[in-house]
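Here's the structure, in structure tokens; my notes come after.
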Amino acid sequence: MPADDEAALLQAALAGDPDAFGQVIAPYRRELLLYGYRLLGSLQDAEDLTQEVCLRAWTRLRTFEGHGSFRAWLYRIATNLSFDLLRQRQPRSLPNVRVPPSSLTDPQPPLSSEPLWLEPLPDTLLLDAEGEPETVAVRRESVTLAFLVVLQALPARQRAILLLRDVLDWSAREVAELLDLSITAVESALQRARVTLRQHYHPQGSEAIARSPLDPATEDILRRYITAWEAGNAAELVALLHEDATLSMPPFPWWFQGRATLLAFFTHKWTGAAPSAWRLVPSAANTQPAYVAYHLVSPGLYRVENISLLTIEAGRIAAITSFLDPALLQHLHVPLEINAV
């Protein structure tokens, strides 16, 4: 939006025009949502955060005196609200990072009442107003599960500084003004965050996919994955996996590792299943290949069971992360039921 148009809308909003305020804040809603998601690791929390930012900006608009940009003022509100929330909660992660691997003989652990796990982000939210995907590779890479796991382990201030400087390309001065810090303090925190990232995040596989279209070999793996799952063929599916591949299933705090274990898991899962018991619908989340799995519940009717994200490395599937929370699936606007075709 041209600066003159934004200034005129802000003046109208200050005079009490809610429509003008809606117009002036609309261009920033998606980027605030993505910033909140990267900070918090939860789409639901990010949507709540964005709503609260809009509400506070409207009710406190008179405190914006035009000494900086309106965008930076909105980011200040979003950052402070995020810090408040992060002080109240544990960092989000994934089961295969937080707890030891499980055995198939272990009883199913109880669900935690605390929000512990990362949530998926549909790739449709990475599209701009014209429907074009973000083209800056680092911005797409910064929503992959592997990146988010490391990001969430950073202290909140380092997390925000890394995002603002390295992902959103803010200057050190801009970040310092937003956080009320010196430029030296910002650069020091950024260096510590970068060191942690280099130690624990090694982009490859699906993170490289985030930067470019799928290659034919990867597309072949994904086709074979769908075929094996829909046929209930555990051996064919496991043949696509790395030897030490993992399967995690948030919100359950357990996960399994290794081809032999996963072969036993899927064999048990599919034993006795009716023909055509499963349908997989290709999707994309966190710039990774994803599938929504539907289970046959009555003739011709399939009900959603999970959305699974795949991490592919060196031509094989290294990790399957299946999100099983029905409330989460509904929140992602996934159809809860589909008909046979």
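The values are calculated or read from the model by the stated rules, or taken from the named source; none is laboratory data. Values in this document were obtained by computation on a predicted structure and should not be read as measured data. With ideal geometry, Cβ positions are generated from the backbone for all residues, glycine too; neighbour counts draw on all protein chains shown.
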Could you tell me whether the range 327-341 includes any residue that is crowded, with 20+ Cβ neighbours inside 10 Å, at pLDDT below 95 and either closer than 23 Å to Gln108 by Cβ or in the same structural domain as Tyr37 (by TED's automatic domain parsing) (or both)? yes
Select from the range 8-25 the residues that are free of Cβ contacts under 8 Å to residues at least 24 places away in the same chain and either surrounded by 13 or more Cβ atoms within 10 Å (Cβ to Cβ) or of a type outside the set (A, V, I, L, M) (or both) and list them in ascending order. Ala8, Leu9, Gln11, Ala12, Gly16, Asp17, Asp19, Ala20, Gly22, Gln23
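Condition check: at pLDDT below 95 and either touching a helix residue (DSSP H, G or I) at 6+ places or on another chain (Cβ under 9 Å) or assigned by TED's automatic domain parsing to the domain that holds Asp180 (or both). Does Ala15 satisfy that?
yes
Going by the structure shown, is Leu237 at pLDDT 95 or above and in a strand (DSSP E or B)?
For Leu237, the condition - at pLDDT 95 or above and in a strand (DSSP E or B) - is not met.
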Looking at Val175 and the list (1) on the phi > 0 side of the Ramachandran plot; (2) surrounded by 15 or more Cβ atoms within 10 Å (Cβ to Cβ), which single condition is not satisfied? (1)
So if I check each of Pro122, Pro107, which one is surrounded by fewer than 17 Cβ atoms within 10 Å (Cβ to Cβ) and not assigned by TED's automatic domain parsing to the domain that holds Trp254? Pro107
Only one of Leu49, Leu86, Leu40, Leu81 that is in contact (Cβ under 8 Å) with a residue 12 or more places away in the chain and either loosely packed, with under 14 Cβ neighbours inside 10 Å or closer than 17 Å to Pro27 by Cα (or both): Leu49
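Any residue at all in the range 300-307 that's under 16 Å from Trp255 (Cβ atoms) and either in contact (Cβ under 8 Å) with a residue 12 or more places away in the chain or not assigned by TED's automatic domain parsing to the domain that holds Tyr37 (or both)? Spell out the reasoning first.
First pass over the range 300-307, keeping only residues under 16 Å from Trp255 (Cβ atoms): 306.
Imposing the further condition that a residue be either in contact (Cβ under 8 Å) with a residue 12 or more places away in the chain or not assigned by TED's automatic domain parsing to the domain that holds Tyr37 (or both) reduces the set to 306.
Yes, the range 300-307 contains a residue that is under 16 Å from Trp255 (Cβ atoms) and either in contact (Cβ under 8 Å) with a residue 12 or more places away in the chain or not assigned by TED's automatic domain parsing to the domain that holds Tyr37 (or both).
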Considering only residues that are under 24 Å from the mean Cα position of the chain (by Cα), surrounded by 15 or more Cβ atoms within 10 Å (Cβ to Cβ) and not aromatic (Phe, Trp, Tyr), which ones fall in the range 246-283? Thr246, Leu247, Ser248, Met249, Pro250, Pro251, Pro253, Gln257, Arg279, Leu280, Val281, Ser283
Read through the list (1) free of Cβ contacts under 8 Å to residues at least 60 places away in the same chain; (2) under 17 Å from the mean Cα position of the chain (by Cα), then give the number of the only condition that Arg56 fails. (2)
Checklist (1) in a helix (DSSP H, G or I); (2) among the polar types (S, T, N, Q); (3) closer than 24 Å to Tyr37 by Cα applied to Ser283, failing item: (1)
Looking at Ser93, is it over 18 Å from the mean Cα position of the chain (by Cα) and small (Gly, Ala, Ser)? no
Quickly run through the range 225-245 and pick out the residues that are small (Gly, Ala, Ser), surrounded by 15 or more Cβ atoms within 10 Å (Cβ to Cβ) and touching a residue at least 24 places away in the same chain (Cβ under 8 Å). Gly232, Ala234, Ala245
Just for the range 124-161: of the residues that are small (Gly, Ala, Ser) and under 17 Å from Leu32 (Cα atoms), which one is modelled with the lowest pLDDT? Ala129
Residue list for the range 176-222, restricted to those being at pLDDT 95 or above, under 25 Å from the mean Cα position of the chain (by Cα) and either not assigned by TED's automatic domain parsing to the domain that holds Leu162 or not hydrophobic (A, V, I, L, M, F, W, C) (or both): Gln191, Arg192, Arg194, Thr196
The correct count of residues that are under 19 Å from Gly68 (Cα atoms) and either without any contact (Cβ under 8 Å) to a residue 12 or more places away in the chain or charged (D, E, K, R) (or both) in the range 26-37 is 3
